[in-house]
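For reference, the structure is listed below as structure tokens.
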Amino acid sequence: MDAIPYTVEPRPDTGLNNVKIGIWLFLASEVMLFGALFASYILLRVGAPPGTWPVHGAEYLSVPLATLNTAILISSSVTMVMSWASLMRRDFGKYRLYMGLTVLAGFVFLVVKYFEYTAKFHHDWFPSTNNFLAIYFTMTGLHALHVIGGMAVNAYLLAPGSKMWRTAPEQFTNRVETAGLFWHFVDLVWIFLFPILYLL
Amino acid sequence: MSGAHTDVDKHVRTYITVFVVLMALTLITVAISYLHLPLGPAVALALFVAIVKGTLVACFFMHLVSERKLIYWVLGFTVVFFFFCLLGPWLSEINEIGPHLRN
Amino acid sequence: MAAHSHDAHGDQAHHAHHPVLGFWRRYVFSTDHKVIGIQYALTGLLFLLFGFSLMMLMRWQLANPGVPLPLIGGWFGETRMPGGVMLPEFYNQLGAMHGTIMVFLGVVPLAVGGFGNFSVPLQIGAPDMAFPRLNMASYHLYFWGGVVMLGSFFLPGGAAQSGWTSYSPLANIAPMGQTAWLLGMVLLITSSLLGAVNFITTIIQLRAKGLTFFRLPFFVWAQFVTAFLLLLAFPPLEAAAVMQLADRLLDTSFFMPEGLVVSGQVMDAYAGGGSPLLWQHLFWFLAHPEVYVLILPALGIVAEVIANNTRKPLWGYKALVYSVLGVGFLSFVVWAHHMFLTGMGTTINAFFQTTTMIISIPSVIILTALILSLWGASIRFTTPMLFALAFLPMFGIGGLTGLPLGLSAADIHLHDTYYVIGHFHYVVAPGTLFALFAGIYYWYPKATGRYLSSFLGKLHFWPSFIFMNGVFFPMFIQGMAGVSRRLFDGGETYAHAQDVLWLNDLMSWSAWGLGLAQIPFIVNFFLSLKRGAVAPANAWDATTLEWAAPSPPPHGNFLVPPAAYRGPYEYSVPGEERDFLPQFEPGGASDPGDEADMAGFDPQTVPAE
């Protein structure tokens, strides 16, 4: 008895393979992580001394840039799921195209964030300036770390990891699907971060 | 996960549709923000749109709409605890004894 | 203890496929759950010993405030103990690190990382955990997190010294050691999260054929719920740790209120406007479920040992299962009972008081079921059973003394006193720790193929039991007299403490006795590796799946994939010759509906790797 069962094929009674359960469990913990930050946002905003919290996030933040970033991330979610769909259709070429676009989109997102952050620093707006900026930098910073992490996994699956397509195509497809779940979650978090920080 | 060719084609059509809807909702939520509504309605509307967008991503891009019961149970409990974590500190604070010392 | 060295009969061809791994891949970077479990257990035990030593230093100071520590007082240097006399700052470091190390580096790694990793896959009939490489990563994150924590003692200003609870704003302005604490916590939390994913997936997916959820040993249920607690409760603390790091390193004001003045100095480096209570909420959101992480594996172990040594099924298996699920769920909604005195209003206090009272119900059901399991039993007083039996009243005292703390009115008098320290130590020390000892005596034969000496075991048990009570019972008395916790002089300067100060001496001598009582255990642990009586596969005539594997199990655990034919505690089955009927033996009396369990279920085949 040696190999771990149900790494690729689903277990009959649960209908799932191990990685599918594993990634959803991990995402559940991520929901709690960002949940705590949202809870902190609420408490800090409600308890902020008068005049210390901007009436609108737009006082400090660029809504157009963030809207662009939102569009970029949503697009990257589509390209990500299309890359998985391409593998399901056995089209490795299309897979590489879509996965490449996903990684590119992530990179563009980070570049935009870089410009956003440096613009703040240019105005002498730092995390220490007030709690709105503190929670903004922390939440978007942690989100950006997740973008980087997701990009690293996707880049691996695009290049060195893609060798598995030839030896174990089903397992590779599952890996892409799993990475996709993480990537969509990163998009999901941004879908909430964007209005809460920038539009309210 | 086995997927027949036709299954995937149907999925792809869904993905494109969802993409268009998400873009539209993004523009809508930004447009609403320019109305500078009072805080209460602004929060309610922004959260409503965000929840719709999030649900679309979760259901269709993450395939939650056709997922197994086990995953639903895990996420169900997570959502319950998420709300406790989200609202607990705030509710504790607004029920303070004495004057609100920080404001 | 090496999983590879004691190989099974036959299966030579099978092993021909495996290259012999070098030392580092076998013992340091192993992906075998048994090796990782032992790594966790040994590291955890070492940390427990270290945390105990920190406490011994504290107990000297409490019993003899301001008196130079004899013999070794000079070892600690001028910044900690000038002239051998403990500085308050060092006392605070010892206190904060004792708590942190015991909880996060000692008990949980041993209970979950150690016992969970070693026993769960065996008890469910699996070849390993679902994600072996993730398992290895979890251990290493824990190990290096521990190194960071210990290393913090050597930073300028010393280790963290704001309690294991690291409340802001004190923790915000504390010396560098606090930053190391936070970074160490991030590593430890990540380790736990990855471990939790592994445990839950393993228990759901890798159960042997016929092992339905309601045939699982209670130990596995307990670990299952524990893993969910770790998974969902730790992230808020991780978020809080990131925010406290930001406060310390980036001068943010997440937890810094406006206009804070410390020792006459206005903290104007901070913009202010933050909330110290936010830290408390996020911390306790984790730390309350954390205490259930401390106790649930212990309850699981006690259940296994009691069933085995009473030679009868556990009383109320379903009640136990539903109760442990209930405890797990409720543990998420009681956290602010640690915050009754922070100025929360009566409505919210009442809410948390109510949920706290409600959670005591499933806890009592579990304890009652375990106690009732003794009724009419043929008790075998093996060493594991001694510890398991002692656990019951000790956990009872711990649990009952929690009730006045959970009632917000009574808590006004008891909060932050030694009563609290007495309460939680009863639950964790003669509670969980005794259960963990029971587990070590119980599963050592499985892990090593030899029994621990029962003579040395009794020499370990009896003085430990007596001195545990000697150390912790007086704390209730001191607490009710009003002696606050975290006083570096043990209450010496307070008028209301004078009548109970003598108890400090009693507790400190008991602590010595407790420490000495561990020596037979340490000797036993190492001596029995080579000199212990040889143990068969089923060392205790037990019923659960792990006893089907050889002792110690080879890589892959079972020679033949096991299946479960009945429930986990079929002892003294009427009509059976033996007083036990293992889960893994076909035939004999078994649950009806076995065919339904087996039908349509592909047996796990041994793939040609």
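At-a-glance table
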| quantity | calculated |
| --- | --- |
| Global size of segment C:29-142 as Cα Rg and Dmax, reported in angstrom | 18.8, 58 |
| Simple Cβ-charge dipole of segment B:5-94, Lys/Arg +1 and Asp/Glu -1, about Cα centre, in debye nearest 20 | 160 |
| Amide H contacts of B:GLU96 (H built 1.01 Å from N, under 5 Å, at least 5 apart or other chain) | C:GLY345 |
| Using alpha carbons only: equivalent-ellipsoid semi-axes of segment C:130-271, gyration tensor based, whole Å | 39, 16, 11 |
| Helix runs (DSSP H) in chain C reaching 27 Å along axis by Cα, Kyte-Doolittle at least -0.5 | C:33-63, C:132-151, C:177-205, C:218-250, C:276-310, C:346-372, C:383-406, C:454-480 |
| Listed residue (C:LEU372, C:ALA241, C:LEU183) projecting farthest to the positive dipole end of chain C, Cβ model | C:LEU372 |
| Three principal axis lengths of chain A [C-alpha, angstrom, descending] | 64, 35, 22 |
| Cut-off under 5 Å, modelled amide H: who pairs with C:THR417 long-range | C:ARG485 |
| Whole-percent pair-distance distribution, where bins are 5 Å wide, for the alpha carbons of segment C:200-319 | 2, 10, 14, 13, 12, 9, 8, 7, 7, 6, 5, 4, 2, 0 |
| Contact order normalised by residue count of segment A:62-199, Cα under 8 Å, 6+ apart, percent | 34 |
| Kyte-Doolittle mean at least 1.0, axial Cα span of 30 Å or more - DSSP H helices of chain A | A:18-46, A:63-88, A:131-158 |
| Placed amide H near C:ALA564: partners under 5 Å, 5+ positions off or other chain | C:LYS209, C:GLY210, C:LEU211 |
| Assigned charges on the beta-carbon of Lys, Arg, Asp, Glu; segment C:369-520 dipole about Cα centre (debye) | 820 |
| Residue mean of other protein chain beta carbons inside 10 Å, A:87-97 | 2 |
| Chain A: calculated mean residue ellipticity at 222 nm from DSSP helix runs of at least 4, using -39500 (n - 2.57) | -25000 deg cm²/dmol |
| Peptide C:258-264, shielding by other chains (average Cβ, 10 Å cutoff) | 1 |
| Of B:ILE28, B:TRP73, B:PHE84, farthest towards positive along the dipole that unit charges on Lys, Arg, Asp, Glu beta carbons give segment B:5-94 | B:TRP73 |
| Per-selection Kirkwood Rh - the protein assembly as shown (Cα, Å, 1 d.p.) | 29.3 |
| Cα-based helix-to-principal-axis angle, B:39-56 vs chain B, degrees rounded to 10 | 20 |
| Rg ratio (alpha-carbon, reference 2.2 N^0.38 Å) - chain C | 0.98 |
| Over 25 Å between alpha carbons, listed pairs C:LYS34/C:LYS318; C:LYS458/C:LYS530; A:LYS113/B:LYS10 | C:LYS34/C:LYS318; A:LYS113/B:LYS10 |
| Alpha-carbon radius of gyration plus Dmax, which is the widest Cα pair, for segment A:73-179 in Å | 17.2, 54 |
| Given charges at Cβ of Lys, Arg, Asp, Glu: segment A:62-199 dipole, positive-most of A:TRP165, A:ALA119, A:THR70 | A:TRP165 |
| Assigned charges on the beta-carbon of Lys, Arg, Asp, Glu; the protein assembly as shown dipole about Cα centre (debye) | 1020 |
| Proxy reagent accessibility, fewest Cβ within 10 Å first, across A:PHE172, C:PHE472, C:PHE329 | C:PHE329, A:PHE172, C:PHE472 |
| R0 of 41 Å, Cβ-Cβ distance C:ASP505-C:PHE455: FRET efficiency to nearest 0.05 | 0.80 |
| Taking N as its residue count, the alpha carbon Rg of segment B:5-94 over 2.2 N^0.38 Å | 1.39 |
| Nearest 10 degrees, 0 to 90: helix B:69-94 Cα axis against chain B principal axis | 20 |
| Fewest-first ranking of C:THR347, C:THR432, using other Cβ atoms within 10 Å as the exposure measure | C:THR347, C:THR432 |
| Whole-number Å³ per residue for the convex hull built on Cα positions in segment A:6-52 | 64 |
| Calculated FRET efficiency for the pair C:LEU155/B:LYS69, C-beta based, R₀ 51 Å, to 0.05 | 0.55 |
| Mean Cα-pair separation over length for segment B:5-94, i.e. relative contact order, pairs under 8 Å, 6 or more apart, % | 26 |
| C:ASP128, B:ASP7 arranged by Cβ crowding within 10 Å, fewest neighbours leading | B:ASP7, C:ASP128 |
| Theoretical ellipticity at 222 nm over chain C - DSSP helices of four or more residues, -39500 (n - 2.57) apiece, nearest 500 | -18500 deg cm²/dmol |
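Readers should treat all values here as calculations from the given coordinates under stated rules, not as data from a laboratory. In this text the structure is predicted, and so the values were computed from the model without any measurement. Here the Cβ is made from the backbone with ideal geometry for all residues, glycine too, and neighbour counts use every protein chain on show.
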